[in-house]
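The values are calculated or read from the model by the stated rules, or taken from the named source; none is laboratory data. What you see is a predicted model, and the numbers here were worked out from it, not measured in a lab. Heads up, the Cβs are rebuilt from the backbone with ideal geometry, glycines too, and the neighbour counts pull from every protein chain shown. For accessibility, only protein heavy atoms count, side chains too; no ligands or nucleic acids. Shrake-Rupley method; radii C 1.70, N 1.55, O 1.52, S 1.80 Å.
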Amino acid sequence: MNAEERDPLLVAIKRLYSELDPPPQGLSERVLVALAVDDLELEYELLTMVHRSQQLAGVRGGDDQKLVMEFTAAGITVMLRISPVDAKHRRIDGWVTRATDAKDSPVELTASLWQEHGTATSPVGTHGRFEFASVPSGLTRLDLVADSDSAFRTTLFEI
Amino acid sequence: MAASDVAGRSDATESSVWVRATACFTRWQGGDSAALDDLVRLMTPVLWHTVRAYGLTQAAAEDAVQNTWLALVRNRHQVHEAAAIGGWLLTTARRTAWRTKSTDTRTLAVEDTQLAANLPNSAAAEASALEQLASTALWQHVQTLDERCQRLLRIVAFDDRPDYAGLAQSLGMPIGSIGPTRRRCLDKLRSSLEKGGQL
């Protein structure tokens with residue numbers, strides 16, 4: 001269908017949503033950063049964010065806000081709880097749950113955190129737990145790498 | 001309000017988005033890495049509106065858009081013809097959005113009240129008062145449509161050549177009903193606008 005045949009009402013709807021719900025500022029730039037730091041030689045499965053919410057942990061509000069995120073890919077779910085350490089640092093507690101067939105032959109996983117100023121790693125414990133006690137706030141990406149050739153990767157997210 | 005205020009403006013750039021996407025992809029395939037940047041800047045807004053139409057939260061929508069681009073960079077060989085690039089991106093984005101939506105039952109529909117708050121200062125200084133009035137009126141009528149209509153119209157508004165098979169699967173509708181539903185939704189909106197004296 002070319003422009004001439006297009007229902008003017010659809011054109012108006014397009015304009016409406018462009019005004020009402022524009023992409024967040026800097027989205028294209030964050031995509032370009034994500035592409036630039038994606039090392040193509042590493043084979044991985046993409047983890048999709050299915051949930052992100054703020055949890056108010058205490059009565060003081062503000063600094064007590066915990067961020068909870070959940071990512072999934074085939075056979076794996078990752079939960080992250082991010083709590084403020086101070087104004088510029090965050091603590092990350094993570095839980096990995098794998099599908100039952102993968103549990104039968106457990107593979108050791110390493111959690112690796114990519115940030116603009118460097119990377120940090122943490123082994124994933126037998127119960128699927130891992131933690132980063134204090135990492136800088138900012139754009140972050142989580143990789144879960146197995147000893148074998150399976151790996152999982154999130155998109156960039158702000159903590 | 002005259003018809004032209006709500007729905008009469010032409011959209012000259014409409015078809016050229018797809019043409020430009022094809023040109024960017026061709027350049028990228030030819031080894032021009034800057035062409036990928038152009039493609040990202042051109043198509044990211046279209047992908048955003050597509051995944052938001054499925055009711056993803058802002059954070060999940062941004063994730064779905066990023067994942068779509070990562071998938072393209074890793075699977076560019078899957079796009080056999082440059083002209084198919086727009087469709088490939090939208091189909092991938094829709095699939096991701098649909099998967100997210102079906103995994104997380106807590107994901108709320110796009111927050112209507114939050115959206116409405118964007119209206120008064122939308123499009124900043126360039127928008128005339130009349131244009132804002134037209135948008136506010138149209139939004140009121142769009143909101144009277146059921147969720148399926150709202151979703152379908154938002155998707156087809158940004159995708160003038162939708163892949164009906166993929167659309168049908170991700171919306172949970174039979175493929176044959178997409179066309180009739182689209183017409184029915186547009187008719188409903190048009191008659192709502194007419195009743196309200198907006199058309």
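Would you say B:Thr144 is modelled with pLDDT under 95, open to solvent by 10 Å² or more (accessible area, probe 1.4 Å) and either in contact with a helix residue (DSSP H, G or I) (Cβ under 8 Å, 6 or more places away or on another chain) or aromatic (Phe, Trp, Tyr) (or both)?
Taking the combined requirement at face value, the residue satisfies it.
Take the range A:117-154 and flag every residue that is acidic (Asp, Glu), farther than 15 Å from A:Thr77 by Cα and at pLDDT 90 or above.
If the condition is that a residue be acidic (Asp, Glu), farther than 15 Å from A:Thr77 by Cα and at pLDDT 90 or above, then A:Glu131 is the only one that fits.
When the residues of the range B:40-70 are narrowed to those that are surrounded by fewer than 24 Cβ atoms within 10 Å (Cβ to Cβ), more than 7 Å from chain A (Cβ to nearest Cβ) and more than 21 Å from A:Val68 (Cα to Cα), which ends up nearest to the chain's Cα centre (by Cα)?
Taking the candidates together, the pick is B:Val46.
Restricting to the range B:20-35, name every residue that is within 17 Å of B:Leu90 (Cβ to Cβ) and surrounded by 17 or more Cβ atoms within 10 Å (Cβ to Cβ).
The answer is B:Ala21, B:Thr22, B:Cys24, B:Phe25.
Can you spot a residue in the range A:60-75 that is at pLDDT 90 or above, small (Gly, Ala, Ser), in a helix (DSSP H, G or I) and more than 19 Å from A:Arg141 (Cα to Cα)?
Taking every residue of the range A:60-75 in turn, none turns out to be at pLDDT 90 or above, small (Gly, Ala, Ser), in a helix (DSSP H, G or I) and more than 19 Å from A:Arg141 (Cα to Cα).
Quick check on the range B:157-171: of everything there that is within 13 Å of chain A (Cβ to nearest Cβ) and in contact with a Lys or Arg (Cβ under 7 Å, 6 or more places away or on another chain), which residue is modelled with the lowest pLDDT?
B:Asp160
Quick one: in the range A:16-38, of everything that is more than 7 Å from chain B (Cβ to nearest Cβ) and either more than 15 Å from A:Glu116 (Cβ to Cβ) or in contact with a Pro (Cβ under 8 Å, 6 or more places away or on another chain) (or both), which residue is surrounded by the most Cβ atoms within 10 Å (Cβ to Cβ)?
A:Ser18
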